[in-house]
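The values are calculated or read from the model by the stated rules, or taken from the named source; none is laboratory data. Since we're looking at a predicted model, the values are computed, not measured. Heads up, the Cβs are rebuilt from the backbone with ideal geometry, glycines too, and the neighbour counts pull from every protein chain shown.
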Amino acid sequence: PAVHVLNGPNLNLLGKREPAIYGTATLDDIRTELDQRCKARGVDLVFRQSNFEGDLITWIQEAGAARAPVILNPGALTHTSIALYDAIKGAEASVIEVHLSNIHARESFRHHSYVSPAARGIIAGFGPLSYFLALEAVLASI
Ligand code: DQA
């Protein structure tokens, strides 16, 4: 089986983007660590990032069709995108929503997620560890 880790807008800037909020680890650091953890557990990793909503929709549809579990950090699309909600529902994708920051402890416009009602579960506030905890949740159920 392959785990699909999908990252939305601005996450390519991780490491230099608002480090007080998001930390200094880069997206490549997170990919490297996930890759090691996946190899140790015998699962393949598909790791992707896009600044375009449509790419994420296509990738969610792909993962859903492949019955592959998804770890999704939608970035700011979390708070705006009915299309991502529809993609998860439409593709019957199994999605764990992750955030580096605790979105509920931040600006009120980050408190609502369009993705959460379509997600299996949500992990937020642990920095890169949010992704690794999500991987544990995936591995526990495949
Ligand atoms: C984020 C939180 C979002 O509110 C924000 O727009 C991001 C990153 C996080 O990982 O903490 O881009 O998803």
**OP:** Would you tally the residues in region 1-25 being among the polar types (S, T, N, Q) and either modelled with pLDDT under 95 or surrounded by fewer than 14 Cβ atoms within 10 Å (Cβ to Cβ) (or both)?
**Re:** 1
**OP:** Among the residues of region 90-116, write down those that are exposed (fewer than 15 other Cβ atoms within 10 Å of the Cβ) and not aromatic (Phe, Trp, Tyr).
**Re:** Gly90, Glu92, Asn102, His104, Ala105, Arg106, Glu107, Ser108, His111, His112
Original post:
Within region 26-68, how many residues are within 24 Å of Gly15 (Cα to Cα) and surrounded by fewer than 16 Cβ atoms within 10 Å (Cβ to Cβ)?
Top reply: 9
Subject >> Filter result for Glu97 (within 11 Å of the ligand (Cβ to nearest atom) and closer than 22 Å to Ile142 by Cα) >> reply: yes
**OP:** Could you tell me whether Glu62 is among the acidic types (Asp, Glu) and under 18 Å from Ile30 (Cα atoms)?
**Re:** no
**OP:** Take region 117-128 and flag every residue that is crowded, with 16+ Cβ neighbours inside 10 Å and part of a helix (DSSP H, G or I).
**Re:** Ala118
Original post:
Residues Glu97, Glu136, Glu107, Glu92: which one is charged (D, E, K, R), touching a strand residue (DSSP E or B) at 6+ places or on another chain (Cβ under 9 Å) and modelled with pLDDT of 95 or more?
Top reply: Glu97
Subject >> All positions within region 61-114 that are on the phi > 0 side of the Ramachandran plot and in contact (Cβ under 8 Å) with a residue 60 or more places away in the chain >> reply: Gly75
Original post:
So how many residues does region 69-89 have that are more than 16 Å from the ligand (Cβ to nearest atom) and buried (at least 19 other Cβ atoms within 10 Å of the Cβ)?
Top reply: 2
